[in-house]
Each structure stands twice: as C-alpha cells, then as structure tokens.
Amino acid sequence: MLLSKEDVDMSEADVSKIFAANLKQIMVSKNIKQTDIVRALGVAKGTVSGWCSGANIPRTDALSSLSNYLGVQLSDLLSKKSPADAVSQTARKEKDIEKILAQAREQLNPSFRP
C-alpha cells in the first residue's frame, strides 16, 4: 500500500506520534517487548524507548530492519489508521485463526465436529 496524500502532508511530529502508536499496537498484538527489539536490531534501549514514546522515528535502515523483524510492511508502521481499520484487521485475523484451528482439528481427528 502506498502512502496517502494525508500521510505525505503530515509534520515530523505527527509522523512520530503515528509511528509510535502503530509500533506499540503491533508490539502488543505480537507480544513483543522493547528488549526484544533491542536484541534483534542491536540498538540501544533508549533508542527503542524513543520510538515507542514518539520522541523520534528510526533511520531508514533501522526502519527497514524493524519492519522485517515485526513481519509488517513499512506502511503498517508509518500510515495513519482509523480505529475501524484496526478492528477489521483483527476480525480477519481471528477468522483466519479459526479456519487454521478447524483444519488442524480435522487433520488430527477427522470425526471431530464442533
């Protein structure tokens, strides 16, 4: 997904706040702690703390490494999202998980029907 015009017209402070909110949401959803990012990326604790607080955003190379580590696209970290987007993404993920669990149950016990 490309960045929207709204994303391009934001100030650096706005981008930092949005980045921090998105990073924290992704970390919570994936049960990742700041120390995990510190170890994985080889950056200082204070650096990751600054990212999470919105004090600053990563340099391009660190941003790319971070998105790879988190398994997300750059736009997931940098784009403003509406609450509805987050809810619909969560609902899709829950449906995907339910589908995977049903397939696993079927493979383990073909006669099992919930």
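The values are calculated or read from the model by the stated rules, or taken from the named source; none is laboratory data. None of these values were measured; they are calculated from a predicted model. As a convention, Cβ positions derive from the backbone with ideal geometry for all residues, glycine included, and neighbour counts pool all protein chains shown.
Scan segment 24-34 for residues that are without any contact (Cβ under 8 Å) to a residue 12 or more places away in the chain and outside any helix (DSSP H, G or I) and report the count.
2
From the residues in segment 71-114 that are part of a loop (DSSP other than H, G, I, E, B) and over 30 Å from Ile18 (Cα atoms), which one is modelled with the highest pLDDT?
Among those residues, the one meeting the criterion is Asn109.
Every residue in segment 35-52 that is loosely packed, with under 14 Cβ neighbours inside 10 Å and not in a helix (DSSP H, G or I), please.
Answer for segment 35-52, where residues must be loosely packed, with under 14 Cβ neighbours inside 10 Å and not in a helix (DSSP H, G or I): Gly42, Ala44.
Test each condition in (1) part of a helix (DSSP H, G or I); (2) more than 16 Å from Lys80 (Cα to Cα); (3) modelled with pLDDT under 95 for Ala21 and report the one that comes out false.
(2)
Considering only residues of segment 53-70 that are of a type outside the set (Gly, Ala, Ser), touching a helix residue (DSSP H, G or I) at 6+ places or on another chain (Cβ under 7 Å) and part of a helix (DSSP H, G or I), which is farthest from Val15 (Cα to Cα)?
Only one residue tops the list, namely Tyr69.
Report yes if Ala40 is over 21 Å from Ser79 (Cα atoms) and in contact with a Phe, Trp or Tyr (Cβ under 7 Å, 6 or more places away or on another chain), otherwise no.
Here the answer is yes, as Ala40 does meet what is asked.
Taking segment 24-52, which residues are at pLDDT 95 or above and among the hydroxyl-bearing types (Ser, Thr, Tyr)?
Within segment 24-52, Thr35, Thr47, Ser49 meet the criteria.
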